[in-house]
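**Q** Handing you a structure now.
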Amino acid sequence: MGRILVVDDDASIRDLLTAAFEIEGHEVATLPDGSEAVERTAAWQPHVLILDVMMPGRDGFEVLDDLKGDARTRDVPVVMLTALEGADGEERGIAGGAAYYVHKPFHLDLFVATVEMCMLDDGRDTPVENADITLIRDQLGDL
């Protein structure tokens with residue numbers, strides 16, 4: 001189905017999301033920090049990029065700014081994932097171009113459905129079939 005790039009310094013989150021999305025039929029690649037995120041995104045063109053906010057080195061906001069400022073990557077939807085509390089980070093992420101901003105801990109099924117909806121909403125050729133829209137909406141309704 002779709003390609004998803006997960007950028008998170010927490011190996012357990014990378015492993016969890018890889019397993020969850022591969023079960024749904026998606027191809028998943030991961031990076032442990034944001035240092036290669038723009039180049040990897042430009043080369044691989046994922047349908048969605050999941051980006052942690054708090055990482056060593058370059059944080060998710062800096063990576064988001066670079067992604068949205070690069071013509072090769074600006075159209076790739078970004079779902080930011082964070083343990084940060086408060087609305088300031090969410091406002092900054094959405095204002096910076098993130099499609100969604102999700103707080104940890106998160107409900108895995110809802111998160112998967114959110115990312116799949118992001119694939120439908122991105123305006124590019126999408127790997128999620130129109131028949132899957134009903135299934136995704138049903139998953140959201142069950143949560």
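The values are calculated or read from the model by the stated rules, or taken from the named source; none is laboratory data. What you see is a predicted model; the values in this text were computed from it and never measured. Using ideal geometry, Cβ is built from the backbone for each residue, glycine included, and neighbour counts are taken over all protein chains shown.
**Q** Are any residues in region 1-52 among the aromatic types (F, W, Y) and either over 13 Å from V115 (Cβ atoms) or assigned to a loop (DSSP other than H, G, I, E, B) (or both), and if so, which ones? Before you say what the answer is, go through the steps one by one.
**A** Taking region 1-52 first, the residues among the aromatic types (F, W, Y) are 21, 44.
Matches in region 1-52: W44 only.
**Q** Then there is this: Have a look at R72, R58 and point out the one that is in contact with an Asp or Glu (Cβ under 8 Å, 6 or more places away or on another chain), in a loop (DSSP other than H, G, I, E, B) and surrounded by 13 or more Cβ atoms within 10 Å (Cβ to Cβ).
**A** Among R72, R58, only R58 is in contact with an Asp or Glu (Cβ under 8 Å, 6 or more places away or on another chain), in a loop (DSSP other than H, G, I, E, B) and surrounded by 13 or more Cβ atoms within 10 Å (Cβ to Cβ).
**Q** Has region 45-62 got at least one residue that is within 16 Å of L108 (Cβ to Cβ) and polar (S, T, N, Q)?
**A** No: zero hits.
**Q** Ok, one more. Please list, ordered by first then second residue, the pairs with beta carbon atoms under 7 Å, 6 or more apart or interchain, first in region 66-93 and basic (K, R), second part of a helix (DSSP H, G or I).
**A** R72/A42; R74/L67; R74/K68; R92/F61
**Q** Further question: Within region 10-20, identify whether any single residue is among the hydroxyl-bearing types (S, T, Y), free of Cβ contacts under 8 Å to residues at least 60 places away in the same chain and loosely packed, with under 15 Cβ neighbours inside 10 Å, and answer yes or no. Full working, then the answer.
**A** Start the filter on region 10-20 by keeping residues that are among the hydroxyl-bearing types (S, T, Y), which leaves 12, 18.
Within this subset, residues satisfying the condition of being free of Cβ contacts under 8 Å to residues at least 60 places away in the same chain are 12, 18.
Filter again for loosely packed, with under 15 Cβ neighbours inside 10 Å, leaving 12.
Yes, region 10-20 contains a residue that is among the hydroxyl-bearing types (S, T, Y), free of Cβ contacts under 8 Å to residues at least 60 places away in the same chain and loosely packed, with under 15 Cβ neighbours inside 10 Å.
**Q** Same structure, new question: Does region 61-110 hold any residues that are modelled with pLDDT of 95 or more, in contact with a Phe, Trp or Tyr (Cβ under 9 Å, 6 or more places away or on another chain) and among the acidic types (D, E), and which are they?
**A** none
**Q** Turning to a different aspect of this structure: Here is a check on your reading of the model: is V38 surrounded by 14 or more Cβ atoms within 10 Å (Cβ to Cβ) and touching a strand residue (DSSP E or B) at 6+ places or on another chain (Cβ under 7 Å)?
**A** Numbers: surrounded by 14 or more Cβ atoms within 10 Å (Cβ to Cβ): yes; touching a strand residue (DSSP E or B) at 6+ places or on another chain (Cβ under 7 Å): no.
No, not satisfied.
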